[in-house]
Structure formats: C-alpha cells, structure tokens
Amino acid sequence: MTATIQPPADPEQPFTVRDLEGMPDDGRRYELIAGSLVVSPAPGRPHQKIGYRLYGVLEAACPEEFDVLGAPFAVHVPDDDRNELQPDIVVGRYDDFTAKDLPVAPVLAVEVLSPSSAIYDVNVKRALYGEMGVASYWVIDPEKQSMRVFELDDDGHYQLVAKVADDEPFEAVKPFAVRIVVKELLGRLAR
C-alpha cells in the first residue's frame, strides 16, 4: 500500500489543520501538504525498529532545553493552516511544545523511509521542512542502511552535510551532540 494524496473537493476550499482533528485513529498517518490530505499506511517493522531506537538514543542525549517526540505528533507553523506534518522523530525547544502539537519549526525533523512514502519524505517534505525553517533534517533509509543529514544554509536551502551507511557513525553536533549508527538502530534486522 502506498501513500495517497486526496486533493480538496473544491480547490478554493483546501483542507486545513482543523479538518485533521476529525480523522480516525486507525494507524495511518494523516498530513496536510498545500491543502491536500496525504494518507500513509502504518509503517513496517524496520521503520518502527529504527524509529523507536533512534528515539531512545536522542532522548538519552537530549539537553533540558529540548524535547524529543515520536510520531504521531503534529508540526506546523503559525499562520499556515494548509500544512501539517508528522515527522517520525521531532526535536524542538521544550517550551515551544503544546500538549497537542509543535506550532513552530522544530530544530530537527527525522523521516525514516518506507516504500509507501519515500518520494514524499525525500522531496516534498524536505522542501516543506526547509520552508518552515527546520534547521536539521535527517533521512534514514532502512533498505540501504543509510542516513543523509541536511542542514539549512544561510540562504534557507538544505545542504547535504553527511551521508553514512551501515556501521559508519554520524557524530551530530546540531541540535546537540549525539552519535548515530544506522546498523545499531536496525539491530537484528541489519544484514
């Protein structure tokens, strides 16, 4: 099953963040991109394994000024009710979170690729995270056992600053110091 995009019935009336409040709690991920509803199926085992382990690694290293949350958790920016994303892992300033969302750009968004959402994660969501001002964006590919790290430059464009695979470590500096090894995130699922 792949992610589906449902454009609004009336282009003059795009879906908004308020429309997401009525979506069912059925294991699927509901996001808004430019007023269109994007529905992704529940993630598979490698995706979940990486997400949970990465959450643990980030949480253990996280300074008090930040907080780490896993999906589903809504991220959007003020005055934009046509876009709402749910990164697999989100890191934001502790005081910026509300009980139900992060209404400002996170300092880090992480997407773990799934066959159903890889194109959106690598292209569409990366562009939207950049527009939102997300300083660091990590993309982890379970199939290739790799991770790409993007950071916003002074002109607001993402630059690839690191690419690691298998047991090669990534020593993050932003948003805080932490060591990531993709093969360790996969555990017994690594080849």
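The values are calculated or read from the model by the stated rules, or taken from the named source; none is laboratory data. Model, not experiment: these values are computed from the prediction. Glycine also receives a Cβ, built like all others from the backbone with ideal geometry; neighbour counts cover every protein chain displayed. For the accessible areas, the whole protein counts, side chains as well, though only heavy atoms, and no ligand, DNA or RNA atoms are used. Shrake-Rupley method; radii C 1.70, N 1.55, O 1.52, S 1.80 Å.
Leaving out ligands and nucleic acids, and using a 1.4 Å probe, what accessible area per residue does the chain come to in Å²?
That works out to 53 Å² per residue.
Rounded to a whole number, what % of the accessible area of segment 1-101 do carbon and sulfur atoms account for, probe 1.4 Å?
The nonpolar share, carbon plus sulfur, comes to 49 percent.
Just the number, please: Stokes-Einstein D of the chain in µm²/s, Kirkwood Rh from C-alpha pairs, 20 °C, 1.002 mPa s.
Numbers: Rh = 16.9 Å.
So the translational diffusion coefficient is about 127 µm²/s.
Over the chain, what is the relative contact order in percent, taking alpha-carbon pairs closer than 8 angstrom and at least six residues apart?
16
Within segment 1-102, which trypsin sites (Lys or Arg not before Pro) sit in a loop by DSSP and count at most 11 neighbouring Cβ atoms inside 10 Å?
100
How would segment 21-98 be classified by its alpha-carbon gyration tensor: rounded, prolate or oblate, with rounded meaning a/c under 1.5 and the a/b versus b/c comparison settling the rest? Mind dumping the intermediate values first?
Numbers: a/c = 2.66, a/b = 1.21, b/c = 2.19.
Judged from the Cα gyration tensor, segment 21-98 comes out oblate (a/c at least 1.5, b/c at or above a/b).
From the Cα trace of segment 83-191, what convex hull volume per residue do you get, rounded to a whole Å³?
116
Pairs of Cα atoms under 8 Å, at least six residues apart: use those to get the relative contact order of segment 54-99, whole percent.
Relative contact order here is 39 percent.
Cβ under 10 Å from residue 42's Cβ, residue 42 left aside: what net charge do those residues give with Lys, Arg +1 and Asp, Glu -1?
Values: positive: 28, 29; negative: 26.
Value of the local net charge: +1.
Restricted to Cα positions, what overall size does segment 44-135 have along the principal axes? Three whole-Å values, descending.
Computed over segment 44-135, the largest-to-smallest principal extents equal 33, 31, 21 Å.
What fraction of the DSSP beta bridges in the chain is antiparallel, stated in percent and rounded to the nearest 5?
Here the antiparallel bridges make up roughly 85 percent for the chain.
Provide the per-residue ³J(HN,Hα) series for segment 93-101, in order, calculated from phi with Karplus coefficients 6.51, -1.76, 1.60 and θ = phi - 60°, each as a whole number of Hz, with x at glycine and proline positions.
After applying 6.51 cos²θ - 1.76 cosθ + 1.60, I find 5, 3, 6, 7, 6, 9, 5, 10, 6 Hz.
Once amide H atoms are built 1.01 Å from N in the peptide plane, which residues 5 or more positions from residue 112, or in another chain, come under 5 Å H to H?
Under 5 Å from the amide H of residue 112 lie the amide H atoms of 88, 140, each far enough along the sequence or on another chain.
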